[in-house]
Amino acid sequence: MGEQVAGSDQAPVRVAGLRGRMFDSVAAILFDFDGTLIQQSIDFDFMRKVVLDIAGGYGVATEPLVTMHILELIDRATDELMRTDGHRGRALFQEAHRAVFDIELAAAEDARAFPGVPEMLRHLRTNGFRVGIVTRNCRAAVERVLDRHPMDYDALLTRDDVEHVKPDPRHLLAALEVLGVSGEEAVMCGDHPMDVLAGKRIGAKTVGVLPPGLTSERFAQAVPDLILTQVTDLLSYLGTAP
C-alpha cells in the first residue's frame, strides 16, 4: 500500500473514500508515547552528549558511537568496556542510564497530552479496540505523565518492562501478547521512523505522525501506510473493531 499524507498542505490528494476503510479488520492499536500521544521537550542532542561524555570518561572511544540511538550507544559502550573490565563496564552502564533517567524524569514534569488524545484513546477502547503503548522511555517518567494526564490503555510496555526495545520487534510482540492479537490485526502508530520499521517487522499496518514543522520526508525510508499531522485523525481511517 502506498503512503497517504493527511492533514498537510504538502500532502498528495487523498484517495476518495479512503477514510473508514483503510484499516479494516484491525483489533488493536499500538502507540508510541512521547511525540505521539504527549508533547514532551527532551533535548536528545544534550542527552547524547551527556552519555558520550560519560563513556569517554571511562576511556571508551566515542567517535564510532556518535550517530547511534542513545540506548544502543550505552549498550555498545558498555560491551566495549566489559571486554577488559567488567566492574567498570557495569559502572558505566549504571551511570549512563541514571543520567538518561534524570533527563527523562525532568522532562516529564512539563509534558502534556496532545489535544484530543485522552478522548481518542477512550473512544477506541469503548468501541472495542485494544490499546497498547510501547515506549523506549522509562516507566517512572511515563507514569509521572500519566498521573497528571490519565489515559485509557490495555497494555503499557516501557523499556523497563522488556529486554529488547523498538525498533526490535520483540518490544511490540510483547505488547501484542498482552493484548491477545497478532501483528496482522494491529496498527503501529508513532512519530519516529523506528516506530514504523518495528511495526512492519511484526506485519502490522503503520502510521507515521509528523512532528510539527517536519514534512513527509521524515518517513521517506520507512514508508508507513499512512502519514498524519495529528494522531487523533487516525479515528477517521479505522473500520469497526472485530
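Counting only residues that are of a type outside the set (A, V, I, L, M, F, W, C) and either surrounded by 15 or more Cβ atoms within 10 Å (Cβ to Cβ) or farther than 14 Å from ALA28 by Cα (or both), which one in the range 124-135 is nearest to the chain's Cα centre (by Cα)?
Checked the range 124-135; the qualifying residue nearest to the chain's Cα centre (by Cα) is THR135.
Do the conditions hold for LEU226, that is, is it in contact (Cβ under 8 Å) with a residue 40 or more places away in the chain, out of contact with any helix residue (DSSP H, G or I) (no Cβ under 6 Å at 6 or more places or on another chain), among the hydrophobic types (A, V, I, L, M, F, W, C) and closer than 15 Å to ALA27 by Cβ?
No: the conditions fail for LEU226.
State whether one or more residues within the range 67-75 are within 20 Å of ASN137 (Cα to Cα), of a type in the set (S, T, N, Q) and modelled with pLDDT under 95.
Yes: the range 67-75 contains one or more residues that are within 20 Å of ASN137 (Cα to Cα), of a type in the set (S, T, N, Q) and modelled with pLDDT under 95.
What single numbered condition from (1) among the β-branched types (Val, Ile, Thr); (2) surrounded by 22 or more Cβ atoms within 10 Å (Cβ to Cβ); (3) within 15 Å of GLY132 (Cα to Cα) fails to hold for ILE202?
Failed condition: (2).
Starting from the range 67-78, keep only residues that are farther than 18 Å from GLU104 by Cβ and not assigned by TED's automatic domain parsing to the domain that holds ILE103, then list their pairs with residues that are among the polar types (S, T, N, Q) and at pLDDT below 95 whose Cβ atoms are within a distance under 6 Å, requiring at least 6 positions of separation or different chains.
Between residues of the range 67-78 that are farther than 18 Å from GLU104 by Cβ and not assigned by TED's automatic domain parsing to the domain that holds ILE103 and residues that are among the polar types (S, T, N, Q) and at pLDDT below 95, there is no close pair.
Quick one: in the range 148-175, of everything that is of a type in the set (A, V, I, L, M, F, W, C) and part of a loop (DSSP other than H, G, I, E, B), which residue is farthest from LEU234 (Cα to Cα)? Talk me through it step by step, then tell me what you get.
Residues of the range 148-175 of a type in the set (A, V, I, L, M, F, W, C): 151, 155-157, 162, 165, 172-175.
With the extra rule that they be part of a loop (DSSP other than H, G, I, E, B), the set shrinks to 151, 162, 165.
Numbers: MET151: 17, VAL162: 27, VAL165: 24 Å.
Per the stated criteria, the residue is VAL162.
Got a sec? Which of LEU73, LEU121, LEU92 is touching a Phe, Trp or Tyr at 6+ places or on another chain (Cβ under 6 Å), crowded, with 19+ Cβ neighbours inside 10 Å, of a type outside the set (Lys, Arg) and part of a helix (DSSP H, G or I)?
On the way: LEU73 fails: touching a Phe, Trp or Tyr at 6+ places or on another chain (Cβ under 6 Å); LEU121 fails: touching a Phe, Trp or Tyr at 6+ places or on another chain (Cβ under 6 Å).
Only one candidate passes the filter, namely LEU92.
Looking at VAL145, VAL178 in this structure, which one is closer than 13 Å to ILE38 by Cα and either assigned to a helix (DSSP H, G or I) or at pLDDT below 95 (or both)?
VAL145
Would you mind finding the one in ASP160, ASP191, ASP152 that is over 12 Å from the mean Cα position of the chain (by Cα) and over 17 Å from ALA28 (Cβ atoms)?
ASP160
Of VAL117, VAL50, which residue is in the same structural domain as VAL131 (by TED's automatic domain parsing), within 30 Å of LEU146 (Cα to Cα) and at pLDDT 95 or above?
VAL117
Across the range 184-199, what is the number of residues that are under 14 Å from ARG136 (Cβ atoms) and surrounded by fewer than 19 Cβ atoms within 10 Å (Cβ to Cβ)?
Total satisfying the criteria: 2.
Would you confirm whether or not the range 214-232 contains a residue that is assigned to a helix (DSSP H, G or I) and within 13 Å of MET22 (Cβ to Cβ)? Spell out how you get there, then give the answer.
First, the residues of the range 214-232 that are assigned to a helix (DSSP H, G or I): 216-219, 231-232.
Those left that are additionally within 13 Å of MET22 (Cβ to Cβ): none.
Scanning the range 214-232, I find no residue that is assigned to a helix (DSSP H, G or I) and within 13 Å of MET22 (Cβ to Cβ), so the answer is no.
With the structure loaded, tell me whether ASP225 is touching a strand residue (DSSP E or B) at 6+ places or on another chain (Cβ under 8 Å), within 20 Å of VAL117 (Cα to Cα) and not hydrophobic (A, V, I, L, M, F, W, C) or whether it fails that test.
No: the conditions fail for ASP225.
The values are calculated or read from the model by the stated rules, or taken from the named source; none is laboratory data. Owing to the predicted nature of the structure, the values given are computational and were not obtained by experimental measurement. Here the Cβ is made from the backbone with ideal geometry for all residues, glycine too, and neighbour counts use every protein chain on show.
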